[in-house]
1. Any residue in the stretch 512-537 that's at pLDDT 85 or above: show its pairings with residues that are not in a helix (DSSP H, G or I) at Cβ separation under 8 Å, as long as the two are six or more apart or on different chains.
2. Considering only the stretch 277-289, I want to know if a residue exists there that is buried (at least 16 other Cβ atoms within 10 Å of the Cβ) and more than 30 Å from residue 199 (Cβ to Cβ).
3. If the Cβ limit is 6 Å and pairs must be 6+ apart or interchain, which residue in the stretch 455-468 that is assigned by TED's automatic domain parsing to the domain that holds residue 262 and within 21 Å of residue 340 (Cα to Cα) pairs with which residue that is of a type in the set (Gly, Ala, Ser) and outside any helix (DSSP H, G or I)?
4. Hey, which of the helices (runs of 4 or more DSSP H) in the stretch 206-275, taking only ones fully inside, have at least 1 residues that are at pLDDT 85 or above?
5. Quick one: in the stretch 616-674, of everything that is small (Gly, Ala, Ser) and closer than 17 Å to residue 685 by Cβ, which residue is farthest from the chain's Cα centre (by Cα)?
6. Anything in the stretch 485-524 that is under 15 Å from residue 546 (Cβ atoms) and touching an Asp or Glu at 6+ places or on another chain (Cβ under 8 Å)? List them, or say none.
7. Can you say whether residue 146 is without any contact (Cβ under 8 Å) to a residue 40 or more places away in the chain, assigned to a helix (DSSP H, G or I) and farther than 30 Å from residue 480 by Cα, as far as the supplied structure shows?
8. Quick one: would you say residue 63 is at pLDDT below 75, under 30 Å from residue 419 (Cβ atoms), in contact with a helix residue (DSSP H, G or I) (Cβ under 6 Å, 6 or more places away or on another chain) and in the same structural domain as residue 403 (by TED's automatic domain parsing)?
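The values are calculated or read from the model by the stated rules, or taken from the named source; none is laboratory data. Just so it is clear, the structure is predicted and the values come from calculations on it, not from any experiment. When we count neighbours, we look across all protein chains shown, and the Cβ atoms used for this are built from the backbone with ideal geometry, even at glycine.
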Amino acid sequence: MDLISKGVGLAKDVVTYWKNPKSGNYMSFREVLAYSVGGFGAYSVFTMAQALLLSTTNVIIGNTIGIQPMHMYVMYIISVITNIPLTMVRANMVDNVKYKEGKYRPYLLRMGIPTVAISLLFVFTPYSSVPYIVRCLLIFIYNFGLQFFYNFFYDAYENLIHVLSPNSQERTNVTAIKSMIYSLSPTVTNFVTPLIASKVADGNMYDLRVYQWLYPFIAVLGVGLLILVYARTEEKIVIAKTHPMKIKFTDALREVAKNKYFWIISLAGWLGFLETCTYVVLQWLYNYAHLCTPEQYSFITLIRGTAYSWGMILAPFAVKRWGKKKILIVTNLVNILFLALVYPLMGSIWTVLLCMYMNSVADSFILVLNPAIQADIRDYQQYKSGERIDGMFGAVALIGSFITMATSSVLPAVYEKYGIYSGNGYENMYDVLYDTNVLFKLVGVLAILSAVGAALNVIPFFFYDLTETKQKSIIRILKLRAAIEDYGNGVLSGEDLQSTAAMVRDARVCVAAGKTDVAELKKRKVPREELKAAAEANEEYEISKAVLDEMERFSTPAAKARLVWAERVVDAGEEGIPAQSGTVLSDARALPAASAEERKIRKEAVADAGLELRCKKAALKYYPDGIVSFDETALDDLYEEEKTLGEKKAELLKEKADRSEIDSVTRRLKELSRKIKEAQTEYQRYMECTKALREARKYLTEAKNYAMIAQTDGFFAGCGETDG
């Protein structure tokens, strides 16, 4: 009966909150459905593109097209290197290019459609009719395009959840729903592929004709569902209305590099590079050892695909009860066990299926948790730096590319050791796996390597301490900061004013009430509902305490010391930047560091001194005769004129106007483009030279706003006092 009542309640919620989100949430059911169903289309395109990306284990490039493993590795290395500047471009576009649709939504179609086009071109190219070197060149060119468009498209869809809601539990819930739906895409694809292969290629899944039949259907379906995501979702970022959404590339890079949680999660991925070694095992046991029929293998892929449903169903409940950290650790320990069991059980494809099924169950939790964790990390980044940075995470993660380049040589070396290399006496180098002695030896090695990879992968998660309570505190603080910034700039609405005042007042009441001793309640064996209520009250206490600490953050010794620095820099003005003393950094390093508070003061002083010296160096380089202030309105005027002339040219071309008039507009556009580039360069130089001054002004303004809030009775009087 309880299950039925919950189902009825859910149905009522869907009707009630179809267009507008439920209290405490940020996404309506319609938006959740659009994002989730659209995920089926997005992952259909992902499945298609990922199968074509250069890697050391790509079966289409290796088995089907016939590129040798070591040649694939060399091409992969070159591909990774060429992707570095492309990643920088993507990061800068996400963080600084403004579209009315938001940070990620604009790129769903702008990058998704080219990804589909390149993928289709890839599989319909007649490789057998061109020389080997031309095949390598074509594959490299296609991958160069995929590296930009596919990676951009993948990031746009996957990271969209980061900005659809600031509520971590809601993000986890939506990710679970999305995952349940999108997981059907690879499941259906994997089920259909061997059936298509049995019809068009005598069961050979590595025949290119299989993909020529499959991919056009994926392309049409994928693009159609992407339009649904684009049209029915809305980005929501907790930030002040008046906050400038622009951050210099190097500044963003520096800030992300300080994010300890980013490095913990990244390190887990880098250490666990071996974990995926067994991904090909089931396919090999079918294709080379013939341990089952094509129909049975379709059934096997279907069964394995259902394993991902467990994490998608249970992850939201598990996160709510135990938190992300514990789930990550437990699921990785499960992975170690079942990956290792592949070795003694590989004689039957059905026992291997059992091991891989449990591996997929564990992975399914990680698939749900990873987007939620990545979103939490970005919230933390905004909390620490004061800037909403998203794209730059991908740029900093490029460090992992060099690690991956080194680790990716391991698998080709293992393959080569067990006979997979050009000139091994077989028409296709992978045909050596038809020798079951070779096949089972290699599968055993891959099982051991995968278990080792899973063991390495779990280690960093023990150091991850961004709890759900801490994330909720961060979001509450970001809301407070946004309100105070808008209040100081005179744009805070009455409704937001009341909401913010109520937040602070409720926090004071909660902290004054104190915490409940849950351990004592357990000893008294009180009802579970009472324990749950006490735990929730204690969590609210921790969040409220963080809010009140935020209200007092400019009264701490470290804040007061930094206010002295900010006042000095502002008083000196632009003229003081090139005149800064060269000993400012050594003076900061000489500060006492006996206590935790002193170490904090010293750390901030060293960072600020380093910034001042960088500004001085830039000022002496670009403005030897003194800094010249930059007029941003002049650059805005150039942008506006360029936009107007661009629209005029489009209209003239549409009307087939006189060629001389079109040429005149074209010349002016070229001249404007030159002036804009010159102005942008000058602006970047000015911003680089004056960053310390702007940071100091910003800090003083924040302190002034917080003081104004604390001293202004009108901020709290009458706000949220109508509880009854």
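1. Partner pairs satisfying both residue conditions: 534/516; 537/515; 537/516.
2. Yes, because at least one residue in the stretch 277-289 is buried (at least 16 other Cβ atoms within 10 Å of the Cβ) and more than 30 Å from residue 199 (Cβ to Cβ).
3. These pairs meet every condition: 456/272; 457/272.
4. Values: elements: 208-232, 249-257, 260-271.
Per the criteria, 208-232, 260-271.
5. As a first pass, look at the stretch 616-674 and keep what is small (Gly, Ala, Ser): 618-619, 626, 629, 634, 646, 650, 657, 660, 664, 673.
Adding the requirement that they be closer than 17 Å to residue 685 by Cβ leaves 618-619, 626, 629, 634.
Numbers: 618: 33, 619: 36, 626: 42, 629: 37, 634: 35 Å.
In this case the residue turns out to be 626.
6. 510
7. On the way: without any contact (Cβ under 8 Å) to a residue 40 or more places away in the chain: no; assigned to a helix (DSSP H, G or I): yes; farther than 30 Å from residue 480 by Cα: yes.
No.
8. Values: at pLDDT below 75: yes; under 30 Å from residue 419 (Cβ atoms): yes; in contact with a helix residue (DSSP H, G or I) (Cβ under 6 Å, 6 or more places away or on another chain): yes; in the same structural domain as residue 403 (by TED's automatic domain parsing): yes.
Taking the combined requirement at face value, the residue satisfies it.
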